[in-house]
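A short worksheet on the structure shown next.
The values are calculated or read from the model by the stated rules, or taken from the named source; none is laboratory data. Remember, predicted model here, so these are calculated numbers, not experimental data. When we count neighbours, we look across all protein chains shown, and the Cβ atoms used for this are built from the backbone with ideal geometry, even at glycine. Calculation scope for accessible area: heavy atoms of the full protein, side chains included, ligands and nucleic acids excluded. Shrake-Rupley method; radii C 1.70, N 1.55, O 1.52, S 1.80 Å.
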Amino acid sequence: SMFELMWLEGTYMMYPNFERQESLSTNHMEKGEHILDEEGPTVHKRNDFIVPLLVDGSKVRELAMAPLRELPKLDLFGDPWLGEREMRESLARTKIGWDRGNLTDLWHAPKYVVDVLQEGEVMESGVERILISRANPQPEASMFIYHVVLQPDGQFVIYRTDRRDPASGATPVVGVWDAGTFQGLDPCCRYVAGFGARGSFHVVQINAPMGNATRLLFASPEDPKYDPANKYHLRVESSGTLVVYRGGNTCEKSSVVWQSENRLPVPSVPKWPPSRCGTTGHRQELCSNFPVVMNRLLKATGVTLLISTHHRFELLAHQLSYYAASPDVVSIVVTWHNAAVAPPDNGAIHGTTIRFVRPELDSLNSRFEPLEFVNTECVMILDDDMKLHLQDLHHMYVAWEGSGKRQIVGAAPRWIKFSKGSPEGGEPEYLFQSEDPPYKGGKADPKAKPRAGYSLMLTKAMMIHRDYLRLYTCGGRAGFDPEVHVPKAFTAMRQAILETVDEKFNCEDIGMNFVVAAALYKRQKARNADKSQGSRGGGDGGDGEAAPALFVPPMHPIGDFGKMGKSGLHLRQSHANVRDQCLKKFNAEFRRVTGTSLPTQTRVARPKPFKGGGSSGALAAVHLVLGQYRGHRQRAHVDCAAVGEGEACSWALPPRLDFEATWAKVEE
């Protein structure tokens, strides 16, 4: 209906209210389903359906209305939408409640949270790392979230957080299991939890000055089916049970090595299979019910910004206010991954719609789930700890449109190294550095040579066509270009991506690069893909269109609020190792279908200031020129935790927002 289309497009209709119900039009009454004959069971009088028509046209000229942004806004159910002030206040209240109510006063908002601890990783007392269970979809357990903590007093414990109002009699936080490792607060010692030998999980006391293990406080049973090839992981399930598993992201009870016996279980909630194992059914339902035809009708210009967040409430408030001011951003969708607290109500800032979505599954795959109310073709995925200048956002949008809307356009490329020097024969290695060549001694090395090109674009800031959200989750054919589709031959690759991201809570951006490469593969093959001078690995005839990524170098430094500092070095190394494993796995599946590795992009869309554009300096008018990749020597990201304010880390709006940029049809 018209109202459904208006809701999908985000449009609205306003009608003046005159005295005595005078109207610009009136109803036309005909007999039918709702209007019966007078002899029927219901009598309808004509005067009950008509209103007087407006005769005095001068009343129209006297109409006055406050600025649209100042008018109150209601949703379809009559509930008011939040404005900027109310949105900030709501997020501020959420932050205060999270900081004060997260477990005990000893624990603040964690910087690194996940529900699994892999073999080789550790938890340390005094380091803000805890395990948090995923939300349980069953009504009997949906109010409970479980947290696994290694406290400074040595106790390894599971807490249950009840999200119901304490006024109802609910106990906010209660311990449901502990390892019996309490030692008291002693400055001599710290505590470490991780895997020992043969699949046994240990809690160990460490002599702080000496750094050596002094006492084993807890050890789960060793694996009776131990095999040196096995890997192990510890997971807190949404039922509150802490489990040591043999193998990867398993849901089988036969893979359980040990499990906790909690004091306060939820009797009606089964432990097996865990609720997280229901991802396949959810995605099948999502894909089968997605309104593909209706979605193709919505082709609004502009950008829909997608942000995923967990606990960076204050930073999110800055992001919403800043990006809503961009003339390019039509709406912002926040995927709310925090199951312990509710998101704010929907709202509007600077006329830009703000929606909060709570995903059915607590997985980073939810960042790429298709949304029926996204009415712009272009979507931008942004990490919740990044600040990209609005001018660079505009340049990315112009480049995305100009380059054909098929590629991932972004500001954060990454590189791949092959073990045998050739993409066709070697195994890929993920390079986590953000510069090419990598910095040496904290600065650029002018003597080092850059690589031939880059292969990946990260979600720190990436733009894609919204159809890629559906292709990532469901596969199939894009609506904007019939040549862009993910053939069934890539089903195993796509399934491997979804399962790996569910398990690792990582690598979704690497997976999207492979999905886009798969979607472009047959199109490029039809364009004589054996000419490989422009893109190695897949070949593209020299224009770079076979490669999934296209880099637009930013003109302004990018603010990074997510740096972990020295205390997070072991976490950062673990993060890089996981991403390297993902790359190898996805590339093997891609190579199985295509015979080649992920294509390498050798082109860059550089912003080139031009004279006569009406502006100069930092906000100069530019041509975006497609040219040869020559490295990325200058670090674009600024650690905001280290430098504080400055252009990169300031949320002040630029002095002007009418940026000028054009896509140059000629190359450098």
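Cβ-Cβ distances below 9 Å connect the following pairs, each with a first residue in the range 150-169 that is among the β-branched types (Val, Ile, Thr), a second residue that is modelled with pLDDT under 70 and in a loop (DSSP other than H, G, I, E, B), and a separation of six or more residues or different chains: Thr161/Asn102; Thr161/Leu103; Thr161/Ala340. I'd like the full set of residues that are among the small types (Gly, Ala, Ser), over 16 Å from Leu393 (Cβ atoms) and touching a strand residue (DSSP E or B) at 6+ places or on another chain (Cβ under 6 Å), limited to the range 305-333. Answer for the range 305-333, where residues must be among the small types (Gly, Ala, Ser), over 16 Å from Leu393 (Cβ atoms) and touching a strand residue (DSSP E or B) at 6+ places or on another chain (Cβ under 6 Å): just Ser308.
Please identify the pairs in which a residue from the range 641-659 that is farther than 17 Å from Leu619 by Cα has its Cβ atom under 6 Å from the Cβ atom of a residue that is open to solvent by 40 Å² or more (accessible area, probe 1.4 Å) and of a type outside the set (A, V, I, L, M, F, W, C), counting only partners at least 6 apart or on another chain. Cβ pairs passing all conditions: Ala641/Lys563.
Only residues that are assigned to a loop (DSSP other than H, G, I, E, B) and either at pLDDT below 80 or out of contact with any Phe, Trp or Tyr (no Cβ under 8 Å at 6 or more places or on another chain) (or both) were counted across the range 510-557, and they come to 26. Which one is farthest from Ser200 (Cα to Cα) among residues in the range 227-264 that are part of a loop (DSSP other than H, G, I, E, B) and among the aliphatic types (A, V, I, L, M)? Once the filter is applied, the top-ranked residue is Leu264.
Scanning the range 90-121 for residues that are assigned to a strand (DSSP E or B) and at pLDDT below 55 yields Tyr112, Val113. Taking the stated definitions as given, is Glu140 under 26 Å from Gly562 (Cβ atoms) and either modelled with pLDDT of 90 or more or not basic (Lys, Arg) (or both)? Spelling it out, it is not the case that Glu140 is under 26 Å from Gly562 (Cβ atoms) and either modelled with pLDDT of 90 or more or not basic (Lys, Arg) (or both).
Does Gly78 meet the test of being at positive phi and either at pLDDT below 75 or in a helix (DSSP H, G or I) (or both)?
On the way: at positive phi: yes; either at pLDDT below 75 or in a helix (DSSP H, G or I) (or both): yes.
The answer is yes for Gly78.
For Gly351, the criteria (1) over 15 Å from the mean Cα position of the chain (by Cα); (2) open to solvent by less than 10 Å² (accessible area, probe 1.4 Å); (3) within 22 Å of Leu82 (Cβ to Cβ) hold in every case but one, which is (2). Failed condition for Ala219, given (1) in contact with a strand residue (DSSP E or B) (Cβ under 7 Å, 6 or more places away or on another chain); (2) farther than 25 Å from Asn338 by Cα; (3) at pLDDT below 90, with all others met? The number of the failed condition is (3).
If I filter the range 206-217 for residues that are open to solvent by less than 30 Å² (accessible area, probe 1.4 Å) and outside any loop (DSSP other than H, G, I, E, B), do I get at least one hit? Lay out the reasoning, then the answer.
The initial filter retains those residues of the range 206-217 that are open to solvent by less than 30 Å² (accessible area, probe 1.4 Å), namely 206.
Checking which are outside any loop (DSSP other than H, G, I, E, B) leaves us with 206.
Yes, because at least one residue in the range 206-217 is open to solvent by less than 30 Å² (accessible area, probe 1.4 Å) and outside any loop (DSSP other than H, G, I, E, B).
Which residue, of Leu306, Leu320, Leu286, is out of contact with any Lys or Arg (no Cβ under 9 Å at 6 or more places or on another chain) and either touching a residue at least 40 places away in the same chain (Cβ under 8 Å) or in a loop (DSSP other than H, G, I, E, B) (or both)? It would help to see each step written out before you state the result.
Working: Leu306 fails: out of contact with any Lys or Arg (no Cβ under 9 Å at 6 or more places or on another chain); Leu320 fails: out of contact with any Lys or Arg (no Cβ under 9 Å at 6 or more places or on another chain).
Result of the check over Leu306, Leu320, Leu286: Leu286.
Could you please let me know if Asp345 is in a loop (DSSP other than H, G, I, E, B), buried (at least 22 other Cβ atoms within 10 Å of the Cβ) and in contact (Cβ under 8 Å) with a residue 24 or more places away in the chain? In short, no. Assess whether Pro428 counts as being modelled with pLDDT of 90 or more, under 27 Å from the mean Cα position of the chain (by Cα) and over 29 Å from Asp385 (Cβ atoms). Answer is no for this residue.
Residues in the range 496-519 that are closer than 16 Å to Arg406 by Cα and more than 14 Å from the chain's Cα centre (by Cα) were compared, and the one that is surrounded by the most Cβ atoms within 10 Å (Cβ to Cβ) is Ala517.
Residue by residue through the range 459-476, note down the ones that are of a type in the set (Gly, Ala, Ser) and part of a strand (DSSP E or B). If the condition is that a residue be of a type in the set (Gly, Ala, Ser) and part of a strand (DSSP E or B), then Ala461, Gly476 are the ones that fit.
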